[in-house]
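Worksheet: the structure to be examined is printed underneath.
Derivation of every value follows stated rules applied to the coordinates shown; laboratory data play no part. Source: prediction; values computed, not measured. A quick note on method: Cβ atoms are made from the backbone with ideal geometry, for glycine too, and the neighbour counts reach across all protein chains shown.
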Amino acid sequence: MGQPQVILGRTVKCPHCGASFEITPDALAYACKYCGWIGTTDEVEQKGYFMVEPLDSDYIRNQVNDFLHKHLKNAFAEIRIVESRPTAVPISLVQVQAHTRYNGYRTEMKVESYPVTVGGGRGGMRTEMRTRTYPVYVPVKGEFNEIPTVSLMSRKHSAFFGDEEIKKKAESAKLANIDIKKLLEKKFECLEVELLEDEAKSMSETSVEEEHRSRAEKMTTKLFDCYTNTNVVSSRLVFYPVYTFVYEYRGKSFRGTVDGAEGRIVKVELPMTIGLRAAYLGLGYIVIASSVLLGFALQTFDVESFIYAIPALTSAASCVAFYKGTTSQRVKRSV
Amino acid sequence: MAQWKCPSCGGVDEVGGQDLVTVCKYCKTCYTVEGKIEKEHYLIQMYYPSNRAVENLLLWVKKQIGAEEDLPLHIEITHISLDFYPFWHVNINAKTVFSGVGEDANYSMPVGFNQYRIINRTSKPENGAIDHFFSLTYPASSKIPIQIMGYEFPTRSKKYFSESYTKDYGGDIYNGEITRTTVEERAKKDALNHMTDLVNKEIFNVTSRTDDVSISSVYYLHVPIWHIQYKFNKKEYSAFIDASTGRVVQATYPISIEYRAINGTLAAAHITLALAAGILTIGFAPYAGSAILTGLGAAGAVFLFRTIQFGSGKEAAK
């Protein structure tokens with residue numbers, strides 16, 4: 001069998017049946033619309049790409065059904081999956097050796113107890129303990145020496161629902177040499193790699209540098225110096241199987257993303273059922289009632305240090321409970 | 001209007017006075033006002049025709065709390081258009097080597113482990129180098145609505161730009177008002193400004209600085225967005241739907257009067273109860289009184305927010 005003939009731009013002629021068809025600029029591989037012949041661009045299999053073995057779509061469908069059944073219980077009967085799309089997402093896994101030196105200081109408030117002699121006259125002199133608070137300066141100087149793996153999608157300025165969770169999954173996935181035909185046979189859309197290898201490396205180095213700076217800034221009130229030296233240890237390009245789906249429930253649509261390698265739902269929008277709303281609102285009232293009871297108890301024991309904590313905590317917890325109870329939907333993540 | 005000559009076929013194209021990038025109406029070549037052919041020109045494929053875009057909008061609106069239940073029955077669509085908006089995407093590597101005066105500190109009067117009462121901030125000669133990678137996206141037309149300025153491209157396949165493809169779907173192509181040269185200069189300037197911020201974090205007085213900024217890739221992309229305008233109860237609303245994924249990029253929608261009334265009543269009840277019970281209790285039981293006041297007050301505030309909230313939202317891209 002011959003090689004596909006590129007006719008114009010990205011139109012190819014199938015060597016099997018002779019039909020011509022257009023391929024997209026970011027198609028890594030393609031199937032002939034007429035005879036099903038599968039071809040790849042630029043000898044993909046020679047590029048050293050990896051993939052994570054995808055599960056069958058039937059298994060994924062069962063997993064999605066089980067998940068929705070577990071979380072929506074009786075409402076499950078009203079659910080209809082209206083769209084399901086398998087995509088092999090290119091993810092760069094770049095291991096970066098990073099050495100950061102930082103120098104700054106942190107301000108803290110120090111509480112000190114000291115004795116004071118008071119009184120006189122008939123009562124006599126007595127010693128009391130008092131406290132004073134003053135600022136102290138803590139020099140913060142140190143190093144980060146790490147080899148983290150940075151996972152980034154090899155597409156430009158691109159996003160999909162659940163992409164952060166999938167990138168995390170890719171960091172620890174079991175890799176296999178790419179078998180593009182297997183992905184196409186399982187109906188995966190194989191997206192081309194858009195980031196150049198050097199771009200992925202530079203982006204990863206910048207990402208680690210920023211993360212180290214952010215960590216150092218959190219440790220200090222003022223950061224004087226923060227210098228990072230980076231060196232890329234390894235770089236791999238992995239095609240990760242992802243199923244994105246849309247389901248309808250009572251005339252409303254919700255999205256979800258499944259890890260196509262493990263079959264776990266990594267992120268999903270779930271409807272707020274009446275029961276759940278009632279639970280959140282009930283929780284809000286329980287928080288208020290508990291705070292009132294706690295207030296009476298603390299007053300009985302004359303504990304003054306909670307004078308500001310009780311109203312602050314009650315309003316925060318009550319706000320969260322009532323806000324969640326009146327929200328449109330909830331999003332569940334699992335990584 | 002202006003007339004440009006296509007560098008590929010020589011055909012004359014009529015373009016808007018602000019346009020700096022266009023597509024030849026004869027040979028479909030994308031070229032700039034400087035007469036340069038733009039090869040890296042793509043478009044994101046569309047998978048959602050107008051009926052599915054409207055359907056997605058209604059499905060999304062229906063799950064928004066308080067949205068009018070009758071919207072699908074009485075919606076009056078007054079305008080629907082498919083717009084292909086242009087964006088530039090630029091990747092840049094920047095390296096800055098600098099020297100100058102940085103800060104340090106001496107500490108005195110120890111008051112515990114690694115704690116000091118007095119800090120004396122000092123200056124020191126300092127030099128260093130910073131490498132940074134930038135991935136920057138710019139809307140290429142001033143006609144791009146503000147609602148989709150921060151748009152992230154969907155993770156779906158692209159096509160080489162094809163005018164016939166956009167016309168097949170009845171789409172309008174918006175020409176770019178920024179050329180590749182301009183966007184490259186702007187991206188370099190933005191990168192250098194960011195590098196200045198980073199250098200200023202290290203030293204406060206710069207005595208020498210060398211910048212090396214190089215562009216690693218640039219591409220020009222048209223993205224398909226449905227713009228829907230509709231009326232409900234004589235009021236106008238609008239929505240932008242991603243024609244590639246069906247995602248609601250941004251939409252406004254009607255909130256039902258019943259919903260506002262229920263929440264308003266709940267807000268009034270909670271706030272009144274909070275004030276009455278809180279003030280009555282706080283005199284003899286300050287902790288319990290403050291808990292009633294703030295707890296029920298917070299609940300009332302949430303219901304009040306729901307009462308006055310504007311019907312507007314978007315589906316997160318990620």
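Brief remarks follow.
- Mean partner shielding of peptide A:131-140, defined as the number of other chain Cβ atoms within 10 Å of each residue Cβ, is 4.
- Residue among A:E209, A:E112, A:E248 with the largest mean-square fluctuation in a Gaussian network model of chain A, springs linking Cα atoms under 10 Å: A:E112
- Shielding by partners for peptide A:246-254, expressed as the average number of C-beta atoms from other protein chains within 10 Å of each residue's C-beta, is 4.
- When the charge dipole of the protein assembly as shown is built from unit charges on Cβ atoms (+1 for Lys and Arg, -1 for Asp and Glu) and taken about the Cα centre, the candidate among B:P154, A:C14, B:N263 whose Cα reaches farthest toward its positive end is B:N263.
- Listed peptides A:191-197, A:228-234, A:255-261 by packing density, highest first (mean Cβ within 10 Å): A:255-261, A:191-197, A:228-234
- Ranked A:R333, B:R156, A:R213, criterion: other C-beta atoms within 10 Å, fewest first: A:R333, A:R213, B:R156
- Which of B:F134, B:F161 has the fewest Cβ neighbours within 10 Å, and the rest in rising order: B:F134, B:F161
- The coefficient of translational diffusion for the protein assembly as shown, derived via Stokes-Einstein from the alpha carbon Kirkwood radius under 10 °C and 1.306 mPa s, stands at 54 µm²/s.
- Antiparallel bridge percentage (DSSP; both residues within the protein assembly as shown; nearest 5): 95
- Considering only A:M125, B:S217, A:S334, and ranking their Cα positions along the charge dipole of the protein assembly as shown that arises from unit charges at the beta-carbon of Lys, Arg, Asp and Glu, the one farthest toward the positive end is A:M125.
- Look at B:M109, A:M109, B:M46 and count the other Cβ atoms within 10 Å of each Cβ; fewest to most, that gives A:M109, B:M109, B:M46.
- Charged side chains reduced to their Cβ positions (Lys and Arg at +1, Asp and Glu at -1) give segment B:1-133 a dipole of some 520 debye around its Cα centre.
- The protein assembly as shown, helix-only ellipticity at 222 nm - DSSP H runs n ≥ 4, -39,500 (n - 2.57), divided by all residues, nearest 500: -10000 deg cm²/dmol
- Net charge dipole size for the protein assembly as shown [Lys, Arg +1 and Asp, Glu -1 on Cβ; Debye, nearest 20]: 1500
- Protection-proxy order for peptides A:133-142, B:111-120, B:220-229, each taking the mean of Cβ atoms within 10 Å per residue, highest first: B:220-229, A:133-142, B:111-120
- DSSP finds beta bridges in chain A, and of those with both partners inside it, around 95 percent are antiparallel.
- For B:N205, distant residues with modelled amide H under 5 Å away: B:V101
- Dipole-positive endmost among B:F84, B:G289, B:Q64 within chain B (Cβ charges, Cα centre): B:G289
- Charges were assigned to the Cβ only: +1 to each Lys and Arg, -1 to each Asp and Glu. The resulting dipole of segment B:207-318 about its Cα centre is roughly 320 debye.
- For B:Y174, neighbours were defined as the other residues whose beta-carbon sits under 11 Å from its Cβ, and their charges (Lys and Arg +1, Asp and Glu -1) total -3.
- Chain A - percent relative contact order, Cα under 8 Å, separation 6 or more: 23
- For A:E112, net neighbour charge (Lys/Arg +1, Asp/Glu -1) across residues whose Cβ lies under 15 Å away: +2
- 0 to 90° range, to nearest 10: angle between helix A:309-325 axis and chain A longest Cα axis: 30
- Within 10 Å of the Cβ of each residue in B:126-135, the mean number of Cβ atoms contributed by other protein chains is 5.
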